[in-house]
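A quick write-up on the structure given underneath.
The values are calculated or read from the model by the stated rules, or taken from the named source; none is laboratory data. Not measured: the values here are computed from a predicted model. Quick reminder, even Gly has a Cβ in these numbers, built from the backbone with ideal geometry, and neighbours come from all protein chains shown. SASA here: full protein model, heavy atoms, side chains in, ligands and nucleic acids out. Shrake-Rupley method; radii C 1.70, N 1.55, O 1.52, S 1.80 Å.
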Amino acid sequence: MGKISKEISMTQDDPLQNKTWSGRFSVPVSEAVKQYTASVSFDQRLALHDIQGSLAHARMLSEVGILSTQDFSAIESGLTTIADDIQRGTFTWNLDDEDVHLNIEKRLTERIGDAGKRLHTGRSRNDQVATDIRLYLRESIDHICQQLRFLQQALLALAEPHVDTIMPGFTHLQVAQPVSLAHHLMAYVEMFSRDHQRLLEIRHRVNQLPLGAAALAGTSYPLRRERVAELLGFEGVCNNSLDAVSDRDFAIEFCSAAALIMIHLSRLSEELILWMSPRFAFVRIGDAFCTGSSIMPQKRNPDVPELVRGKSGRVTGHLMGLLMLMKAQPLAYNKDNQEDKEPLFDTVDTLTQTLRVYTDMMRDVHINPSAMNQAAREGFSTATDLADYLVKKGTTFRDAHEIVARAVRHAEDLGCDLADLPLTDLQSFSASIENDIYSVLTLEGSVASRHLIGGTAPSRVRAAIARKRLELDRA
Ligand code: ARG
C-alpha cells in the first residue's frame, strides 16, 4: 500500500508528542523494541476500514453533541483526503507511530489541528482494532462466498456433459462400484455448498460492533452504539465490553471454515493428481496449469493441484496459530492479539488466490471417458450388483455375498470380468442365475439401478445438477 519511513520522526525530540502515552515515560523505547512492537508494516492493510470506522464514530459523536459540526466536517474531509492518499500509495507510514490507527490519527491532526485530537473521544484502539478486523473480514467473506459460487459453476459445467460417463467409484482406493463422473464431481459441489453456508453463518457473528467497548469497560460518554452499528452495516452491537475487545473467536471460526475449504480443495487436488498420472489417464489438465521438468523432457507436472494440497497445510497451520494465540489470554485486551492479523490476512490471501486459480483450472480439465470406462470394467465393480440380483431372487444377502466371492475368484482365474463368464459357469455358483443377469452386470445397468435420492443413476444426477443450478442462480 505505502512505504514505511525509516526516518526519525519530526517529533522525536519532544517526548510529550513523540508517543501518545509519552508523558508517563522517561526513557524512549529502543529501536529494536520499536520494531518488535510495531504493527504498521502489516496492519496498514486495515487502513480503509479504520477510516470507515472512524467516520461512523465521528458522525455519531457529532449527532450526540460531543463533537461540533465544524469539527466533524473537518474530520470527515481530513479522513477522506487521507483515504485518497492511501489508495494512491502516497501516504507515508511511520514506524514511530506504531500502527495503522496512530498513523492515521496523527496525519489527521497534522492536517486539521485540534479537531483531529477529538476523534478518539470515547474510543480506544482496543475497540477500534476489533472493529477494523470485523469490517475487513466481513468484506473478505463476501468475496470468498462469491468465489465459491464461481467454482461451483465451473464444476457444474464440467459435470453436466458427463452424467453418462462411467468411472470406477473407489473405497480404500480400490475399485468398488461404478459411478457417474458427474455424480463424483457433484460430491464436491455439495462440499462447497456447505462451506458457503458455514461462511454465511459465521458472517452473522463477525458482523457485530465492538465500538463503545472502549479500552475494556465501556465509556462514560453517551455514545449511541446502535447508530454506529447502523452506519457501518453491523447487525448488532457486542453485548459485553470485555468480550468485545478481547475475543477473536470470529476470526478463528473463519480460519476454520477457510481450512475446511482448503481441505476440500486438497482432496479434489489429490484426485486430479492421481487421475493425471498415466496409470490412470482419466484427465488432462490444460498446459496453463502444469509445468515441465528441467531435466526430464517428457514430464507434465500437475503443479497447481500439488500447490493447493500443500497450501492447505499452511492455512490449517494459521487456524492452529490463532487458537494458540487465544488460549492463555486473561480478559480483556492483550497485546498478544496484535498477532492475529498476519495469519488472518494470509489465510484470506491464500484462499482467494487458490479459489481464483482453481476455478480457472477446472474450466480447463479435459476428461478421458474411455479410460474411465475401461478402469470401471477392471476390478469386478459390478460384483455387488450380482449379489443384489441373487437377493432379489430369494437368496439371503450373506449367502449371495459368498456365492459372488466364489464367482469373482473363478473369473480372476480365467482373467476375465464377471460379465464375460458364460451363463453355465455363473449357474454353477447359483441355480437362480438366468440370462437377465447380463444386463445387471453391465456398468450402465449397475449405475442406472441406483436411482434413489442421492444415488448415482443418471436420472438422479441430472436432477441433482438441475437443482443445484437453480440454487446457484438464485443466490
Ligand atoms: N496494534 C494493536 C493491535 O493490533 C492495536 C491495539 C493496541 N492496543 C493497546 N492497548 N496497545 O492489537
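Does Pro330 satisfy the condition of being free of Cβ contacts under 8 Å to residues at least 24 places away in the same chain and touching a helix residue (DSSP H, G or I) at 6+ places or on another chain (Cβ under 9 Å)?
Details: free of Cβ contacts under 8 Å to residues at least 24 places away in the same chain: yes; touching a helix residue (DSSP H, G or I) at 6+ places or on another chain (Cβ under 9 Å): yes.
So Pro330 fits the description; yes.
Select from the stretch 440-455 the residues that are in contact (Cβ under 8 Å) with a residue 12 or more places away in the chain and part of a helix (DSSP H, G or I) and write down the one among them that is most open to solvent (accessible area, probe 1.4 Å).
Filtering first and then ranking leaves Glu444.
Collect the residues in the stretch 32-73 that are under 32 Å from the mean Cα position of the chain (by Cα), closer than 11 Å to Leu119 by Cβ and either away from the ligand (no atom under 16 Å from the Cβ) or not in a helix (DSSP H, G or I) (or both), keeping them in residue-number order.
Leu55
Being touching a residue at least 12 places away in the same chain (Cβ under 8 Å), open to solvent by 30 Å² or more (accessible area, probe 1.4 Å) and under 46 Å from the mean Cα position of the chain (by Cα) is true for just one of Pro369, Pro458. Which residue is that?
Pro369
Show me the helices (runs of 4 or more DSSP H) entirely contained within the stretch 304-420 in which 1 or more residues are at positive phi and of a type in the set (Gly, Ala, Ser).
Output list is empty.
Being of a type in the set (Asp, Glu), farther than 17 Å from Lys335 by Cβ and modelled with pLDDT of 60 or more is the filter here; which residues of the stretch 8-57 pass it? Can you show your working first?
Restricting attention to the stretch 8-57, the residues satisfying the condition of being of a type in the set (Asp, Glu) are 13-14, 31, 43, 50.
Add one more test, that the residue is farther than 17 Å from Lys335 by Cβ, and what stays is 13-14, 31, 50.
Those that are of a type in the set (Asp, Glu), farther than 17 Å from Lys335 by Cβ and modelled with pLDDT of 60 or more: Glu31, Asp50.
Taking the conditions exactly as written (in a helix (DSSP H, G or I), within 25 Å of His183 (Cα to Cα) and either free of Cβ contacts under 8 Å to residues at least 40 places away in the same chain or not charged (D, E, K, R) (or both)), does Thr424 satisfy them or not?
Numbers: in a helix (DSSP H, G or I): yes; within 25 Å of His183 (Cα to Cα): no; either free of Cβ contacts under 8 Å to residues at least 40 places away in the same chain or not charged (D, E, K, R) (or both): yes.
In short, no.
Across the stretch 189-219, what is the number of residues that are more than 14 Å from Leu260 (Cβ to Cβ) and either part of a loop (DSSP other than H, G, I, E, B) or open to solvent by less than 10 Å² (accessible area, probe 1.4 Å) (or both)?
14
Looking only at the stretch 322-353, count how many residues are more than 15 Å from the ligand (Cβ to nearest atom) and either hydrophobic (A, V, I, L, M, F, W, C) or open to solvent by 20 Å² or more (accessible area, probe 1.4 Å) (or both).
Matching residues across the stretch 322-353 total 10.
Any residue in the stretch 35-48 that is within 13 Å of Asn94 (Cα to Cα) sitting within a Cβ distance under 7 Å of a residue that is outside any helix (DSSP H, G or I) and among the aromatic types (Phe, Trp, Tyr)? List the pairs, counting only those 6 or more apart or interchain.
What qualifies is Val40/Trp93; Gln44/Trp93.
Name the single residue that is nearest to Gln44 (Cα to Cα) among those in the stretch 82-109 being among the β-branched types (Val, Ile, Thr) and in a helix (DSSP H, G or I).
Taking the candidates together, the pick is Val100.
Out of the stretch 110-141, which residues are open to solvent by 20 Å² or more (accessible area, probe 1.4 Å), more than 29 Å from Ala332 (Cα to Cα) and part of a helix (DSSP H, G or I)?
Glu110, Arg111, Ile112, Asp114
Hey, does the stretch 355-375 have a residue that's in contact with a Gly (Cβ under 7 Å, 6 or more places away or on another chain) and either within 30 Å of Val447 (Cβ to Cβ) or among the aliphatic types (A, V, I, L, M) (or both)?
Scanning the stretch 355-375, I find at least one residue that is in contact with a Gly (Cβ under 7 Å, 6 or more places away or on another chain) and either within 30 Å of Val447 (Cβ to Cβ) or among the aliphatic types (A, V, I, L, M) (or both), so the answer is yes.
Assuming Asn94 fulfils every condition listed in (1) away from the ligand (no atom under 16 Å from the Cβ); (2) surrounded by fewer than 23 Cβ atoms within 10 Å (Cβ to Cβ); (3) farther than 27 Å from Leu199 by Cβ apart from one, which condition is it?
Unmet for Asn94, out of (1) away from the ligand (no atom under 16 Å from the Cβ); (2) surrounded by fewer than 23 Cβ atoms within 10 Å (Cβ to Cβ); (3) farther than 27 Å from Leu199 by Cβ: (1).
Run Ser312 past the list (1) within 14 Å of Tyr358 (Cβ to Cβ); (2) among the polar types (S, T, N, Q); (3) within 16 Å of the ligand (Cβ to nearest atom) and report the number of the one that doesn't hold.
Checking Ser312 against (1) within 14 Å of Tyr358 (Cβ to Cβ); (2) among the polar types (S, T, N, Q); (3) within 16 Å of the ligand (Cβ to nearest atom), the one that fails is (3).
Tell me yes or no: at least one residue of the stretch 75-85 is of a type in the set (Asp, Glu) and open to solvent by 30 Å² or more (accessible area, probe 1.4 Å).
Within the stretch 75-85 (the criterion being of a type in the set (Asp, Glu) and open to solvent by 30 Å² or more (accessible area, probe 1.4 Å)), the answer is yes, since at least one residue qualifies.
State whether the residues of the stretch 422-429 include one that is in contact with a helix residue (DSSP H, G or I) (Cβ under 9 Å, 6 or more places away or on another chain) and within 22 Å of Ile166 (Cα to Cα).
no
Between a residue in the stretch 92-113 that is of a type in the set (Gly, Ala, Ser) and any residue that is away from the ligand (no atom under 12 Å from the Cβ) and modelled with pLDDT of 95 or more, which pairs come within a Cβ distance under 9 Å, given they are 6 or more apart or on different chains?
These pairs meet every condition: Gly113/Ala74.
Quick check on the stretch 132-145. Is at least one of its residues of a type outside the set (S, T, N, Q) and either over 26 Å from the mean Cα position of the chain (by Cα) or farther than 30 Å from Asn337 by Cα (or both)?
Within the stretch 132-145, not a single residue is of a type outside the set (S, T, N, Q) and either over 26 Å from the mean Cα position of the chain (by Cα) or farther than 30 Å from Asn337 by Cα (or both).
Could you tell me whether the stretch 253-263 includes any residue that is closer than 30 Å to Met60 by Cα and of a type in the set (A, V, I, L, M, F, W, C)?
For the stretch 253-263, residues closer than 30 Å to Met60 by Cα and of a type in the set (A, V, I, L, M, F, W, C): present.
Regarding Ser277, is this residue out of contact with any strand residue (DSSP E or B) (no Cβ under 7 Å at 6 or more places or on another chain) and either open to solvent by 50 Å² or more (accessible area, probe 1.4 Å) or without any contact (Cβ under 8 Å) to a residue 12 or more places away in the chain (or both)?
Considered against the rule, which asks whether it is out of contact with any strand residue (DSSP E or B) (no Cβ under 7 Å at 6 or more places or on another chain) and either open to solvent by 50 Å² or more (accessible area, probe 1.4 Å) or without any contact (Cβ under 8 Å) to a residue 12 or more places away in the chain (or both), Ser277 comes out as yes.
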